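Asker: Sharing a structure with you now.
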Ligand SMILES: [Fe+2]
Ligand SMILES: [Fe+2]
């Protein structure tokens, strides 16, 4: 049986992943309104990926006999003026989520919950990949700057991404 503390922080993370999904969905619509359909598609795939993370946390909690508490999801605020700002916020948000995952691992270690620790390592590795891929996009966007041909090409490139749920 999972401890109350471990169960509580996993519940919190279910909500955090849902918020991430909602935030990226908002970014996706922002890009759609700017006629950047490639970026919009990339963000929608990002939103689907966060929904998948949240379900993975939820299923784990059920498997461990914890009780799932679904809390309200905060409203994401759309306040960007350039595509670069949106991508930079994505990078900052992912860095914040990495911190949250690390906090969860700390709790698993405190509680001597080795099973939860192993489960959370998947998320630790996932965050390394996410931070790296969005960091890459930030760098490319900075290179492009105000070059509209560059933006056009980047939009095409971003549009290639499709979400496929990872194995396991
Ligand atoms: Fe996530
Ligand atoms: Fe993420």
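Readers should treat all values here as calculations from the given coordinates under stated rules, not as data from a laboratory. Since the structure is predicted, the reported quantities are computational estimates derived from the model, not experimental observations. Reconstructed Cβ throughout: ideal geometry from the backbone, glycine too, with neighbour counts over all protein chains shown.
Asker: Under a crude label model (7 Å from the Cα following the beta-carbon direction), how far is residue 4 from residue 136 in nanometres?
Answerer: Spacing of the two 7 Å Cα→Cβ label points: 4.5 nm.
Asker: When the helix-only estimate is applied to the chain (DSSP H runs of n ≥ 4, each -39,500 (n - 2.57), divided by the residue count), what is the mean residue ellipticity at 222 nm, nearest 500 deg cm²/dmol?
Answerer: Estimated from H runs of four or more residues: -27000 deg cm²/dmol.
Asker: By how many degrees, 0 to 90 and rounded to 10, does the Cα axis of helix 4-33 deviate from the longest principal axis of the chain?
Answerer: 10 degrees
Asker: Something else about it: Arrange 118, 10 by Cβ neighbour counts within 10 Å, fewest through most, would you? Intermediate values should be presented prior to the final figure.
Answerer: On the way: 118 10, 10 23.
Starting with the residue having the fewest Cβ neighbours, the order is 118, 10.
Asker: Sorting 90, 164 on the 10 Å Cβ count, fewest up front, what's the list?
Answerer: Values: 90 22, 164 10.
So the ranking, lowest neighbour count to highest, is 164, 90.
Asker: Order these by the 10 Å Cβ neighbour count, fewest first: 133, 28, 3.
Answerer: Listing 133, 28, 3 from fewest to most nearby Cβ atoms yields 133, 3, 28.
Asker: Counting just the Cα atoms, what span does the chain cover along each of its three principal axes? Round to the nearest Å and put the largest first.
Answerer: Sorted from largest, the Cα extents of the chain read 56, 27, 27 Å.
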